[in-house]
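All of the numbers you see were taken from the coordinates with simple rules; none came from a lab. Being a predicted model, the structure only gives us computed values, none of them experimental. Cβ atoms come from the backbone with ideal geometry, glycine included; neighbour counts cover every protein chain shown.
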Amino acid sequence: MTLAEVTVASAILAIALVPMLRALTIAQMTGAAIEHKTQSLILAQNKLEEVRARSIHHYTNPFDESSEPLTGGYLCHVEDDEDADLRRVSVAVGWDTDSDGHLSDSETQVRLTTYIARMR
């Protein structure tokens, strides 16, 4: 092989490798985002079930929570309209990306809302 052939082969290899490495990086970032969203969904479902369970015996108590820490750097925010007979409860969960202990709108990855009726 001559020096010209080696140079051309190296250039072709470099041109092919750059897009492949970029695609791998994007795939890894997308995988991490999907993992965070899935974990947020699981934690939000669990928190909603916890609120439903508490409502059976403690319906009159407020369910509001603000930036409640969960496992692995996730935070949870629970809003409750405290209606007497049919309460609208919303659970927002997200990963605390800036580590300030507060769940901001930009960090919220999942929001689940349901209604809980008073059992008589």
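So here's what we get for this one:
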read-out	value
Check on Leu41, surrounded by 14 or more Cβ atoms within 10 Å (Cβ to Cβ) and assigned to a loop (DSSP other than H, G, I, E, B)	no
Scan of the stretch 1-38 for residues that are hydroxyl-bearing (Ser, Thr, Tyr) and outside any helix (DSSP H, G or I), ordered by number	Thr2
All positions within the stretch 66-101 that are in a loop (DSSP other than H, G, I, E, B) and either in contact (Cβ under 8 Å) with a residue 60 or more places away in the chain or not charged (D, E, K, R) (or both)	Leu70, Ala84, Thr97, Ser99, Gly101
Single condition Val110 does not satisfy, out of (1) more than 14 Å from Lys37 (Cα to Cα); (2) in contact with a Lys or Arg (Cβ under 8 Å, 6 or more places away or on another chain); (3) among the aliphatic types (A, V, I, L, M)	(1)
Selection within the stretch 102-120 - under 15 Å from the mean Cα position of the chain (by Cα), touching a residue at least 24 places away in the same chain (Cβ under 8 Å), assigned to a loop (DSSP other than H, G, I, E, B) and surrounded by fewer than 19 Cβ atoms within 10 Å (Cβ to Cβ)	His102
